[in-house]
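Working notes, beginning with the structure itself.
The values are calculated or read from the model by the stated rules, or taken from the named source; none is laboratory data. Since we're looking at a predicted model, the values are computed, not measured. Here the Cβ positions follow ideal geometry from the backbone for every residue, glycine too, while neighbour counts run over all protein chains shown. Heavy atoms of the whole protein, side chains included, go into the accessibility calculation; ligands, DNA and RNA do not. Shrake-Rupley method; radii C 1.70, N 1.55, O 1.52, S 1.80 Å.
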Amino acid sequence: MAAGSTYTPIATSTVSGTSTATVTFSSISGSYTDLIIVANGSITVNDDTYVQFNGSGGTAYSGTYLAGNGSAASSGRYTSNDRIVADYTSYPTTTGGSWTAIYQFMNYSNATTYKTCLIRSNNAGIGTNAGVHLWSSTAAITSIALQCTGSSKWGNGTTFTLYGIQAA
Amino acid sequence: MWWARLLNVISGLLSGAGAPASTTSYESIATTTVGAGGTTTITFSSIPSTFKHLQIRGFVADNATNSNFEMTFNGSAGTKAHRLMGDGSAASSDLYNSAVIYAQRTDTGQFAFVTDLLDYTSTSINKTIRTLAGGDNNGAGRVGLWSGFINSTSAITSLAITPTASNFPQYSKIALYGIKG
């Protein structure tokens with residue numbers, strides 16, 4: 001029998017101005033099974049964006065991606081990184097509302113296994129990207145930081161909404 | 001989302017019903033968490049027909065084997081699946097003669113998937129599933145988009161996921177959700 005509505009909005013962050021380099025969801029409850037972040041917006045300098053858990057860097061992040069740029073499909077990976085590389089060929093640009101992404105954090109509160117994240121990132125003027133990312137840590141995820149790099153900042157009006165999905 | 005709930009309240013008031021429309025549009029139906037010793041097949045049966053679409057969300061712990069993970073429906077195999085995949089060095093496409101949702105290889109570690117099964121109760125159309133799946137293992141891994149076809153107009157009342165050459169290890173979790181239309 002169905003357990004009732006379970007796609008629960010937890011928090012929304014809307015960027016104001018052009019000086020925010022990092023948007024962080026913190027003190028995330030461990031009561032859900034998966035987390036989803038839906039993002040839409042832009043960036044002040046065209047560039048990749050990143051994800052980091054629990055403020056933890058080091059070399060624990062890696063990923064494999066599949067990308068299309070309108071003329072060719074490609075695949076690549078990164079290893080032993082200090083954060084997730086979220087976009088590659090579908091990074092945000094300075095055009096407002098040009099970029100969307102859905103981040104799926106699976107089994108995020110499990111304290112026995114590493115953490116796998118699936119990201120779909122899309123920018124109609126740049127490309128589309130599907131990636132799988134690993135955080136080689138058994139720690140439960142309690143905070144998620146969505147980061148720009150270098151001189152780039154999240155664009156004014158960029159939104160991030162965090163949802164929790166709880167299995168029966 | 002708050003704005004969806006507000007619209008539902010307004011809709012209910014304008015209709016004169018005096019009560020807001022239902023907001024329970026995404027519901028958890030059943031979950032399997034694999035215990036010690038693992039399991040070979042995960043099955044969801046007696047699926048209620050009260051939803052429009054189904055979503056299956058899965059995490060499979062490190063499996064260390066070469067295996068395809070296939071979905072079967074009402075005890076029968078899906079007919080076809082196409083895959084667009086990246087393996088970290090190249091993009092490729094394949095055709096399967098069953099509803100494969102992920103192809104794991106020894107070096108790809110744990111993986112996760114999200115599968116959508118659309119219009120599963122319809123008795124006038126065949127069925128389509130689509131999957132985003134992937135696993136990374138810091139130097140190895142694969143991510144892909146799978147599209148599966150079920151050549152049957154029967155309503156789907158059960159589905160099963162089976163690895164062709166391994167099992168679901170302990171700590172794997174597969175959950176079934178219903179989406180109302």
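Looking at B:92, B:147 in this structure, which one is assigned to a strand (DSSP E or B), within 14 Å of chain A (Cβ to nearest Cβ), of a type in the set (Gly, Ala, Ser) and in contact with a His (Cβ under 7 Å, 6 or more places away or on another chain)?
B:147
On the given criteria, is residue B:128 modelled with pLDDT under 95, within 14 Å of chain A (Cβ to nearest Cβ) and at negative phi?
So residue B:128 does not fit the description; no.
Do we have residue B:59 as surrounded by 17 or more Cβ atoms within 10 Å (Cβ to Cβ), touching a Pro at 6+ places or on another chain (Cβ under 7 Å) and in a strand (DSSP E or B) here?
no
Which residues, taken from segment A:127-155, are surrounded by fewer than 22 Cβ atoms within 10 Å (Cβ to Cβ) and either touching a helix residue (DSSP H, G or I) at 6+ places or on another chain (Cβ under 7 Å) or assigned to a strand (DSSP E or B) (or both)?
A:127, A:128, A:145, A:147
Looking at segment A:100-126, which of its residues are within 11 Å of chain B (Cβ to nearest Cβ) and part of a strand (DSSP E or B)?
A:102, A:104, A:105, A:106, A:115, A:116, A:117, A:118, A:119, A:120
Please pick out the residue among B:112, B:81 that is within 12 Å of chain A (Cβ to nearest Cβ) and not in a loop (DSSP other than H, G, I, E, B).
B:112
I'd like to check something: does segment A:5-12 contain any residue that is buried (at least 17 other Cβ atoms within 10 Å of the Cβ) and in a strand (DSSP E or B)?
yes
Go through the residues of segment A:91-100 one by one and say whether even a single one is modelled with pLDDT of 95 or more and small (Gly, Ala, Ser).
Looking for residues that are modelled with pLDDT of 95 or more and small (Gly, Ala, Ser), one finds none in segment A:91-100, hence no.
Filter segment A:61-86 down to residues that are touching an Asp or Glu at 6+ places or on another chain (Cβ under 8 Å) and either assigned to a loop (DSSP other than H, G, I, E, B) or more than 7 Å from every other protein chain (Cβ to nearest Cβ) (or both) and give me whichever is farthest from residue A:121 (Cα to Cα).
So, considering only residues that are touching an Asp or Glu at 6+ places or on another chain (Cβ under 8 Å) and either assigned to a loop (DSSP other than H, G, I, E, B) or more than 7 Å from every other protein chain (Cβ to nearest Cβ) (or both), the one farthest from residue A:121 (Cα to Cα) is A:61.
What tally of residues in segment B:149-177 results from selecting those that are among the small types (Gly, Ala, Ser), in contact with a Ser or Thr (Cβ under 7 Å, 6 or more places away or on another chain) and open to solvent by less than 10 Å² (accessible area, probe 1.4 Å)?
Number satisfying all stated conditions: 1.
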